[in-house]
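Shown next, in structure tokens, is the structure this report addresses.
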Amino acid sequence: MILLGPPGAGKGTQGHVLSERFHVPHVSTGDMLREAVKENSPVGLKAQEYMNRGELVPDDIVIEIVKERLGKKGSRNGFILDGFPRTRRQAEMLDSVLHEMHKNIDMVIYFRTSEDVIVRRLSGRRICRSCGANYHIKNIPPKVKGICDVCNGPLYQREDDKEGTVKNRLEVYERQTSPLIDYYKEKSKLNTITGDLEVEDAFKSILKLFAEKDLLSIKDRPSPFHIREGSYD
Ligand code: AMP
């Protein structure tokens with residue numbers, strides 16, 4: 001499954017919840033790249049400058065890390081891609097990698113989201129430097145300002161969530177990523193939900209899509225919302 005949409009649409013949060021609920025890995029290229037930056041790995045060193053400017057990391061770097069991730073054992077029963085593909089070339093590469101693996105994309109979920117919602121979410125987002133948990137200064141404040149509820153780590157604002165960079169990220173999204181809406185529409189894979197909804201309502205609309213497509217039996221599992229209630233990404 002692919003989660004497609006602008007930054008701040010809620011893809012990360014829904015990816016996390018879906019992964020818990022359906023026991024398939026949540027593969028976020030943004031998370032993997034941030035991890036590489038934190039570790040000062042060769043990929044991280046190359047990626048950091050692009051990320052800080054709100055630009056896309058070159059396709060070859062991203063494709064390589066995705067290929068490696070999808071080849072791992074845990075991805076055998078499927079995966080949720082979040083933040084990938086982001087360009088037509090990435091989408092075409094993904095098609096050929098999946099073809100080699102004898103796999104298919106079941107569905108693409110496009111989070112149509114209004115700009116004021118995006119800006120409000122991104123400008124208030126705070127991340128734990130130690131464990132990566134997400135907060136929002138208004139919607140999901142930590143119990144103690146600036147401190148993670150989960151691990152007591154310090155919270156920070158992502159460099160690329162700052163005002164000047166957000167504008168660039170949205171332009172980059174419009175120019176390079178939004179054409180994928182038509183790419184997947186033409187393949188009859190595209191399903192649209194509204195990214196403006198709160199976490200639980202967005203999740204319900206995804207479950208409704210699954211039910212309509214008869215993709216999974218979804219009735220008899222417990223709600224996953226104890227995990228990170230109200231969390232946005
Ligand atoms: P995200 O956490 O998805 O918002 O990603 C943060 C940043 O990582 C993006 O602004 C890009 O610089 C980089 N990035 C993440 N995924 C990709 C991708 N598929 N292609 C290129 N760059 C990416």
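Data table
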{"quantity": "Residue in the range 151-170 that is least open to solvent (accessible area, probe 1.4 Å), counting only those that are polar (S, T, N, Q) and under 20 Å from LEU33 (Cβ atoms)", "calculated": "THR165"}
{"quantity": "Residue check for LYS103: away from the ligand (no atom under 15 Å from the Cβ), more than 25 Å from GLU35 (Cα to Cα) and open to solvent by 20 Å² or more (accessible area, probe 1.4 Å)", "calculated": "yes"}
{"quantity": "Every residue from the range 127-146 that is in contact with a Cys (Cβ under 9 Å, 6 or more places away or on another chain) and open to solvent by 20 Å² or more (accessible area, probe 1.4 Å)", "calculated": "ARG129, SER130, CYS131, ASN134, PRO142"}
{"quantity": "Which listed residue is under 26 Å from SER130 (Cβ atoms) and either within 9 Å of the ligand (Cβ to nearest atom) or among the small types (Gly, Ala, Ser) (or both), from GLY83, GLY78", "calculated": "GLY83"}
{"quantity": "Test: residue in the range 37-57 that is closer than 25 Å to ARG129 by Cβ, among the basic types (Lys, Arg) and under 16 Å from the mean Cα position of the chain (by Cα)", "calculated": "no"}
{"quantity": "Test: residue in the range 89-110 that is closer than 17 Å to GLY12 by Cβ and aliphatic (A, V, I, L, M)", "calculated": "yes"}
{"quantity": "Extreme residue, surrounded by the most Cβ atoms within 10 Å (Cβ to Cβ), among residues of the range 171-195 that are in a helix (DSSP H, G or I) and touching a helix residue (DSSP H, G or I) at 6+ places or on another chain (Cβ under 7 Å)", "calculated": "LEU180"}
{"quantity": "All helices (runs of 4 or more DSSP H) inside the range 5-62 with 2 or more residues being open to solvent by 50 Å² or more (accessible area, probe 1.4 Å), within 10 Å of the ligand (Cβ to nearest atom) and not charged (D, E, K, R)", "calculated": "42-53"}
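The values are calculated or read from the model by the stated rules, or taken from the named source; none is laboratory data. Predicted model only: the values in this text are computed from it and were never measured. Ideal geometry is used to build each Cβ from the backbone, glycine not excepted, and the neighbour counts take in all protein chains shown. Accessible surface areas use protein heavy atoms only, side chains included; no ligands, DNA or RNA. Shrake-Rupley method; radii C 1.70, N 1.55, O 1.52, S 1.80 Å.
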